[in-house]
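The values are calculated or read from the model by the stated rules, or taken from the named source; none is laboratory data. Since the model is a prediction, treat every value here as computed from it, not as a measurement. Methodologically, a virtual Cβ is constructed for each residue, glycine included, from the backbone with ideal geometry; neighbour enumeration extends over all protein chains shown. Protein only, heavy atoms only, side chains kept; ligands, DNA and RNA dropped before computing areas. Shrake-Rupley method; radii C 1.70, N 1.55, O 1.52, S 1.80 Å.
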Amino acid sequence: MAVNDDKLKKVIAHAKEYGFIFPSSEIYDGLSATYDYGQNGVELKNNIKQYWWYSMVHLHENIMGLDSAIFMHPTTWKASGHVDAFNDPLIDNKDSKKRYRADVLIEEHIEKIRGKISKEVGKAAKRFGESFDEAQFISTNPRVVKYHEDIKAIELRFKNSMEANDLEEVRQIIIDLEIADPISGTKNWTDVRQFNLMFSTELGSVSGESSKIYLRPETAQGTYVNFLNVMKSGRMKPPFGIGQIGKAFRNEIIARQFIFRMREFEQMEMQFFVPPGEEMKWYEYWKEQRLNWHKALGFNPERYRVHDHVKLAHYANAACDIEFDFPMGFKELEGIHSRTDFDLKQHEEFSKKKLQYFDPEINESYVPYVIETSIGLDRMFLAVISSAFKEETLEDGSSRKVMSIPPALAPYKVAVMPLTKKDGLPEKARAIIDDLKFDFSCQYDEKDTIGKRYRRQDAIGTPYSVTVDHQSLEDNTVTIRDRDTMEQERVAISDLHEIIEKKVSLKSLLQA
Ligand code: ATP
């Protein structure tokens, strides 16, 4: 735990020092849980968006893009259920005066039990060596079986209490599990209350209930209300999808853990409309596709796990999260939900407009079912930088900080450096950039020793550094240095484009 806390702190400090992420309005001491993306952060963020957009929208001929407004007619949020039910159960500790999400306290308790199971499995694996049968051990070891039963019982009790909106029972679960406040260490809890997560503001100059509008808490509703527009103007028929990337706002009770949970964040969501009865097939399809999208980035596959929901939202008939091993542990990175025809039907009811597809083959209209894939862009950003950040000790005893960002996502693809600031080397370096800059984001750097310049590029994750020296003027060759291996090679300037392209193109990720 302490080690990982330390890792998160290091990632945060590095992200600030190297222009990835700054605390918002820092000169006024910041605004809690709000962050700004700096010069390198915005590049990385745009590249993640591009990877998603290409993979989802451009590579599927039946998926279209959309960019709907953040403000929407207030009835949208009545229909979607957000006005009445987009709540989190909150609980305060009377001693520390800290506020928590009751569901998160319970989930963290379950996570601790899971940790105990992993420990038992680890110990047994060591004891039994090669002959260890993990599945058999898990299903027969009395202690592990009991832990699993405990988890099931807690999950069921929590699910029932939430479904019945029985907040006293939720509190009782926390008391019975003897959950203590991590800060005060006491179990002195208040009642559990529901808290609506939507931000509201007023439209125009008149204030009051009638002009109250909301900042959207998800992009999905903007897609549902445009379902007919896109289907008709795009001449689509189910199965087809609509993808969109945009800001969302939630008044989170506890926003912390850096950019993992913010009050203003960005989502990349895709709604896939299918004929009723086909939703399970497509749910499985998208689950697999989305996992492949993540794994193509080349991080350790063990850092991903799929968590199937036990507590399904009332509108869903299947749902799972792709969880990622963040420095704080495994947490939700992306959600995949089979939302039935709930949203479109709700909007039909509230708008009194038909939101249906007329299928000429069966001569009938129907409300399509929806599979949603929803990923937080900022969480994806955190997954990338926390996996990419490394501190290495080199053979000569020195150390370096390197961001092994997948090359296609790296803020800059190549840095071009003249060995010295004279003898025509800067001009030669600039000429190389002038040739490469239309295809790759390039940096020019002539300050400090070459070693320091390499370190700077390592720290922002630039896959290649090209050094121009006196020989370059004679034979049009340069040295090219690989960020990860640190190996240098002398190559012809005319080959640079091809070498870089091979490593950094988005195509290789998309084809994986
Ligand atoms: P959580 O349980 O962590 O609050 P959620 O289940 O409410 O998340 P969804 O409503 O499914 O999240 O939203 C889809 C995605 O949006 C999430 O998988 C996550 O990546 C991202 N997301 C949600 N809330 C936030 C937030 N406050 N800050 C950053 N990203 C968020």
Expressed as a rounded percentage, what relative contact order does the stretch 435-512 have, with Cα pairs under 8 Å and six or more residues apart?
19
Report, in whole Å, the centroid distance computed from the Cα atoms of the stretch 1-75 and the stretch 404-453.
26
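Suppose a student asked you for the relative contact order of the stretch 184-264, using Cα pairs under 8 Å spaced at least 6 residues apart; what percent would you report? Spell out each step's value before the answer.
Working: 69 pairs, mean separation 22.7, N = 81.
It rounds to 28 percent for the stretch 184-264.
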Can you give the log10 of the normalised intensity I(q)/I(0) at q = 0.09, 0.16, 0.18 Å⁻¹, computed with Debye over equal Cα scatterers of the stretch 1-147?
-0.67, -1.18, -1.15
If I take R0 = 22 Å and measure r between the Cβ atoms of Tyr285 and Glu61 in this structure, what FRET efficiency does the formula 1/(1 + (r/R0)^6) give, to the nearest 0.05?
0.90
What is the chain's relative contact order, in percent, from Cα pairs under 8 angstrom and six or more apart in sequence?
14
So what's the gap between the Cα centers of the stretch 376-401 and the stretch 242-321, to the nearest angstrom?
25
Only residues of the stretch 160-198 count here: report those whose backbone N is under 11 Å from the spot 7 Å along Cα→Cβ of Asp95, or say none.
180-189
Principal axes of the stretch 154-250: Cα extent on each, largest first, Å
58, 43, 26
Distance check, please: which entries in Lys146/Lys287; Lys401/Lys447; Lys16/Lys447; Lys281/Lys345 exceed 23 angstrom between their Cα atoms?
Lys146/Lys287
Where the centre of each part is set by its Cα atoms, how far does the stretch 143-163 sit from the stretch 78-101, in angstrom?
22
Would you please report the Å³ per residue occupied by the convex hull of the alpha carbon atoms in the chain?
218
Arg455 - accessible surface, heavy atoms, 1.4 Å probe, Å² rounded to 10:
80
Give the aspartates and glutamates whose C-alpha is closer than 15 Å to that of Lys98, dropping any in the same chain fewer than 8 places away, or say none.
Asp181, Asp191, Glu252
Give me the one-decimal nm value for the distance between modelled label points at Lys123 and Asn87, 7 Å along each residue's Cα-to-Cβ direction.
4.3
Magnitude of the Cβ-charge dipole (Lys and Arg +1, Asp and Glu -1) of the stretch 73-115 about the Cα centre, nearest 20 debye, reported as 140
Spacing of the two label points (7 Å from each Cα toward its C-beta) at Ser25 and Lys78, in nm:
3.3
Looking only at lysines whose Cα falls under 30 Å of Lys94's and that sit 8 or more positions away or on another chain, we get Lys9, Lys112, Lys116, Lys152, Lys159, Lys187, Lys311, Lys331
In nm, the gap between the two label points placed 7 Å beyond Cα toward Cβ at Leu156 and Ala180 is 3.0
25 °C / 0.890 mPa s Stokes-Einstein diffusion coefficient of the stretch 1-54, Kirkwood radius on C-alpha pairs, µm²/s:
198
Taking every DSSP beta bridge that has both residues in the chain, what percent is antiparallel when rounded to the nearest 5?
85
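Can you tell me the accessible area per residue over the stretch 426-485, all protein chains present, probe 1.4 angstrom, in square angstrom? Numbers along the way, then the final one.
Details: 2740 Å² over 60 residues.
The answer is 46 Å² per residue.
Note the full-extension length gain between Asn251 and Thr485 as 0.36 nm times their separation in residues minus their Cα-Cα distance, in nm to one decimal.
Numbers: separation 234, 0.36 × 234 = 84.24 nm, distance 4.41 nm.
Taking 0.36 nm per residue and subtracting the Cα distance, the gain is 79.8 nm.
Using DSSP to call loops (not H, G, I, E or B), can you name the GluC sites (Glu not before Pro) in the stretch 354-409 whose Cβ has at most 10 other Cβ atoms within 10 angstrom?
Glu361, Glu395
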Which residues does the label zone of Lys390 cover in the stretch 404-428, counting backbone N under 15 Å from a point 7 Å along Cα→Cβ?
404-407
Set of lysines with alpha-carbon distance to Lys212 below 18 Å, sequence-local pairs under 8 removed:
Lys78
